[in-house]
Amino acid sequence: MAMLIPTSPAFNQPGGLVVTHAIPAEAPGGLADSRRQLANHVTTLRQPAASSPRPFLHPVRSLAGATVTEAAPGDHPHHLGLSIAFSDVNGTNFWGGSTFTAATGPRLLANHGRQVPRDWRTSVAGGIVTEEGRVSWRSKDDDELAVEQRRIERLPHPGAGSWSLSLASVIVPAAGVQRFEVSSSAVKGRAGAGYGGIFWRFPTGSGEPLLLSDAGSGADAAHGSPSPWLSVSMRIEGSPVSVVLAQEPGRMLPWFVRADGYLGAGPAVAWAEPALVDRRNPLKLALHAVIHDGPIATAAHALELLNQHPLINPGSPDRTS
């Protein structure tokens, strides 16, 4: 089955951050319970400095109430649900935890930055809830290194037991900064550790999760692949739940995928070499998701759900201009 992922107008505009609150009761597509917050946006920045405080989404829930994110777990307290994070931006750690160098390996250094959200605004139209605004990326000395426009949208989905989520980001150097360089532990010599970008930390479920991608079945197949999509199926509190992720067309990045020790995934901006960003070449990030109550055992099923995402399928009746 071919995957239809045209670039949506919303993801081409450097509009801001979209986080989703409760959708009104009359909204179509199965998001009828306005009391249930399907994606909680945390902007209080109460994490310790070593966790690189930042806005994040947690909990993200399925329509049936299963939580599909994890925040501040004991194994990696700097993993914060669904967030945007990099291990190295001009020497500042915006990921949290240790910093890897070729000379010393991973060590906890006093080089953690923070992301400060500003000027948020929320709108509701056609059953779609959008929150957007700016994020100031600041070093440990509180110098502004980068400025981001971020958008997160929660949208109805026609599939039974499903809803859609999309996140878009445009990051440029701050005033007085000519350019910045996004690096990773892999770039510095730590094999396979190219993480950094939009990252989804999943919870620990019961049994082995099933991961599918265009590269095949399992985390090993998906890790490092430029697959357009990734499907993660788990059992949470005894019930099956799945999250299908999709990248933007024309901007395929290698996936960082880990299922050993913890479950987490995201497209990696600096997988094997640093990403150089200036005002003429902004860093554009985007990720689409379908949260589905039920198992996904085949690629065909994953693609069927993705192609009903309003920002992926141009023929969807829920798509807005």
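Springs between alpha-carbon atoms under 10 Å, Gaussian network over the chain: tell me which of G74, G133, G65 tops the mean-square fluctuations.
Result for the chain, Cα springs under 10 Å: G74 fluctuates most.
Can you tell me how much longer the chain between D260 and S239 gets when fully stretched, taken as 0.36 nm per residue apart minus their C-alpha distance, in nm with one decimal?
5.4 nm
Send over the semi-axes of segment 192-321's equivalent ellipsoid, whole angstrom and largest first, taken as the square roots of 5 times the C-alpha gyration tensor eigenvalues.
Values for segment 192-321, descending: 24, 20, 12 Å.
What residues have an amide H closer than 5 Å to that of G161, excluding those fewer than 5 places away on the same chain, when H is modeled at 1.01 Å from N in the peptide plane?
The list, which skips near neighbours in sequence, is empty: none.
If I stretch the segment between D278 and R179 completely, what's the gain in nm (0.36 nm per residue apart, minus their alpha carbon distance), one decimal?
Extra length available between D278 and R179 comes to 35.2 nm.
Have a look at A289, A102, A174 and tell me which one the Gaussian network model of the chain (Cα, springs below 10 Å) gives the largest fluctuation.
A102
With θ set to phi - 60°, apply the Karplus curve 6.51 cos²θ - 1.76 cosθ + 1.60 along segment 78-92 and write out the HN-Hα couplings as whole Hz, x wherever there is a Gly or Pro.
Working through the residues one at a time gives 8, 7, 10, x, 9, 8, 10, 8, 10, 7, 7, 10, 6, x, 9 Hz.
E208: net charge of surrounding residues, Cβ under 12 Å, Lys/Arg +1, Asp/Glu -1, itself excluded?
Spelling it out: positives minus negatives among the neighbours equals 0.
Could you state the principal axis extents of the C-alpha atoms in segment 46-145, from the largest down, to the nearest angstrom?
Answer, in whole Å and largest first: 53, 31, 22 Å.
In the chain, what percent of the accessible surface is made up of carbon and sulfur (1.4 Å probe, ligands and nucleic acids excluded)?
50
Per-residue accessible area for Y262 at 1.4 Å probe radius, Å² rounded to 10?
20
Apply the Debye scattering formula to segment 95-250, with a single equal point scatterer on each alpha-carbon and no solvent, then give log10 I(q)/I(0) at q = 0.12, 0.14 Å⁻¹.
Computed log10 I(q)/I(0) values: -0.76, -1.02.
Starting from the alpha-carbon convex hull of segment 161-201, give the projected area averaged over all orientations, in nm².
5.1
Largest first, how would T67, T99 line up by accessible area (1.4 Å probe)?
Sorted by accessible area, descending: T67, T99.
What does the accessible area per residue of the chain come to in Å², with a 1.4 Å probe and no ligands, DNA or RNA counted?
I get 39 Å² per residue for this part.
How much accessible surface area, in Å² rounded to 10, belongs to the heavy atoms of D260 with a 1.4 Å probe?
Result for D260: roughly 120 Å² accessible.
Translational diffusion coefficient of the chain at 25 °C, 0.890 mPa s, Stokes-Einstein with Kirkwood Rh over Cα pairs, in µm²/s as a whole number.
The calculation lands on 126 µm²/s.
Pick out which of G238, G189, G113 has the largest mean-square fluctuation in a Gaussian network model of the chain, springs linking Cα atoms closer than 10 Å.
Judging by the Gaussian network model, the answer is G238.
Can you work out the Karplus-derived ³J(HN,Hα) for every residue in segment 256-261? Use 6.51 cos²θ - 1.76 cosθ + 1.60 with θ = phi - 60°, whole Hz, and x for glycine or proline.
8, 9, 9, 10, 9, x
Mean separation of Cα pairs under 8 Å and 6+ residues apart, divided by the residue count of segment 225-321: what relative contact order is that in percent?
28
Per DSSP H run of n ≥ 4, the term is -39500 (n - 2.57); total these for the chain, divide by its residue number, and report the mean residue ellipticity at 222 nm rounded to 500 deg cm²/dmol.
The helix contribution divided over the chain gives -1000 deg cm²/dmol.
If the label point is 7 Å along Cα→Cβ of T122, which residues in segment 150-167 have backbone nitrogen under 14 Å from it?
Under cut-off, by backbone N: 152-154.
The values are calculated or read from the model by the stated rules, or taken from the named source; none is laboratory data. The model shown is predicted, which means the values in this text are computed figures rather than measured ones. A quick note on method: Cβ atoms are made from the backbone with ideal geometry, for glycine too, and the neighbour counts reach across all protein chains shown. Remember, those area values only see protein heavy atoms, side chains included, never the ligands or the DNA or RNA. Shrake-Rupley method; radii C 1.70, N 1.55, O 1.52, S 1.80 Å.
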